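Worksheet: the structure to be examined is printed underneath.
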Amino acid sequence: MKNAVNIFKKEFAAYFISPIAYIVISIFLVLTGWFFFSTFFLYRQAELRNFFELLPLTFAFIIPAVTMRLFSEELNIGSYELLSTMPVSSLDIISGKFMASVIFIIIMLLPTVSYSIFISFLGELDWGPVVGGYTGAVLLGAAFSSIGLFSSSLTRNQIIAFIIGMAVCFVLTLLDKILFFLPRDFLSVFEFLGADFHFHNISRGIIDSRDLLYFISLCFIMLYSTNLVIQGKK
């Protein structure tokens, strides 16, 4: 665990040494702020529904950009070979990198809490869906981070890692929107596979064990797959 924490500190600090963190956070806040407030003043309702409805699509683009360098950069410059000779397990490496990306996403979300505080001064805000929405956002961010980590482990090229991660996240986000194109007998299966479906269940303030199980399972499958890929590269 100590090794995983050390890798977490290294990766988390690396985000803020380069301009990547500041660019990604700025793009995220501009996109979410623009789309949210442009409709908020039209409907004049004291709620964050529009913000949370757009969040899966925004995450599908932003999070692969956050995770694309985690393995591919080290594989490209050869520092992963050096890291693998040290007394650290692949589980430590994957855990440390995963924690760094999830904590980064939580920090990226923190400024948006000001939206709910601002709205609470304008009207009677129901805090249940707000708490549910941020809980779902952290779970969705962790699931997309695990996908991004897996795609980064597949290639030395950060752009390819970004495209693979973004494609998988977009498919999981849009899956429940294209159910009418899919075989009727398997609609319930495809609906369950969609990340957007589970996120919106939680963002309504209803915590269902099936939604929690979905995000935990997705993280486990992606991190386990990452471990298999990394083991194969040794």
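What is the ratio of the Cα radius of gyration of the range 33-136 to 2.2 N^0.38 Å, with N the residue count, to two decimals? If you can, show how the numbers build up before the last one.
On the way: Rg = 18.9 Å, N = 104, 2.2 N^0.38 = 12.8 Å.
Working it through for the range 33-136, the quotient is 1.47.
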Stretch residue 31-residue 120 to full length: gain in nm at 0.36 nm per residue minus the Cα-Cα span? 29.9 nm
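So for 68, 1, what's the accessible-area order with a 1.4 Å probe, most first?
Values: 68 40, 1 155 Å².
Ranked from most to least accessible, the order is 1, 68.
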With every protein chain in place, the accessible area of residue 156 for a 1.4 Å probe, in Å² rounded to the nearest 10, comes to 130 Å²
Would you check the chain for Lys pairs whose C-alpha atoms are within less than 15 Å, ignoring same-chain pairs closer than 8 in sequence, and give me the count? 4
Could you tell me which of rounded, prolate or oblate describes the range 100-234, using a ≥ b ≥ c as the square roots of the eigenvalues of the alpha-carbon gyration tensor, with rounded for a/c under 1.5 and, failing that, prolate when a/b is larger than b/c and oblate otherwise? oblate
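May I ask you to derive the FRET efficiency for residue 193 and residue 233 from their Cβ-Cβ distance with R0 = 25 Å, giving the value to the nearest 0.05? Write down the numbers at each step before the final one.
Details: r = 28 Å, r/R0 = 1.14.
Taking R0 as 25 Å, the efficiency between residue 193 and residue 233 is 0.30.
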Full-extension gain between residue 157 and residue 76, please, as 0.36 nm times their residue separation minus the C-alpha to C-alpha distance. 28.4 nm
The simple spin-label model distance between residue 131 and residue 17, using points 7 Å out along Cα→Cβ, in nm, is 4.0 nm
Most mobile of 107, 23, 147 per a Gaussian network model of the chain (Cα springs, under 10 Å)? 23
Dipole moment magnitude, nearest 20 debye, the range 37-192 about Cα centre, only Lys, Arg, Asp, Glu C-beta charged: 220 debye
Convex hull volume of the chain per residue (C-alpha atoms, cubic angstrom): 135 Å³
Of 7, 125, 62, farthest towards positive along the dipole that unit charges on Lys, Arg, Asp, Glu beta carbons give the chain: 7
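Could the peptides 138-145, 95-102 be put in order, highest first, of the mean number of other beta-carbon atoms found within 10 Å of their residues? Don't skip to the end; give the middle numbers.
On the way: 138-145: 24.9, 95-102: 22.9.
By packing density, highest mean first, the sequence is 138-145, 95-102.
Stretched out fully, how many nm does the piece from residue 54 to residue 221 gain, at 0.36 nm a residue minus the Cα gap?
Values: separation 167, 0.36 × 167 = 60.12 nm, distance 2.55 nm.
57.6 nm is the gain from fully extending residue 54 to residue 221.
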Carbon/sulfur fraction of accessible area - the chain, other protein chains in place, 1.4 Å, %: 71 percent
Between helix 158-174 and the chain, what is the angle of the helix's C-alpha long axis to the longest principal axis, kept within 0 to 90° and rounded to the nearest 10? 40 degrees
Once the whole set of protein chains is in place, how much accessible area is left on residue 73, using a 1.4 Å probe, in Å² to the nearest 10? 70 Å²
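For the chain, what does the accessible surface come to per residue with a 1.4 Å probe? Please give it in Å². Numbers along the way, then the final one.
Details: 12020 Å² over 234 residues.
For the chain, the solvent-accessible area averages 51 Å² per residue.
The values are calculated or read from the model by the stated rules, or taken from the named source; none is laboratory data. Just so it is clear, the model here is predicted, and its values are computed rather than measured. Don't worry about glycine lacking a Cβ; one is built from the backbone with ideal geometry, like all the others, and counts go over all protein chains shown. What goes into the accessible areas is simple: the full protein's heavy atoms, side chains included, and nothing from ligands, DNA or RNA. Shrake-Rupley method; radii C 1.70, N 1.55, O 1.52, S 1.80 Å.
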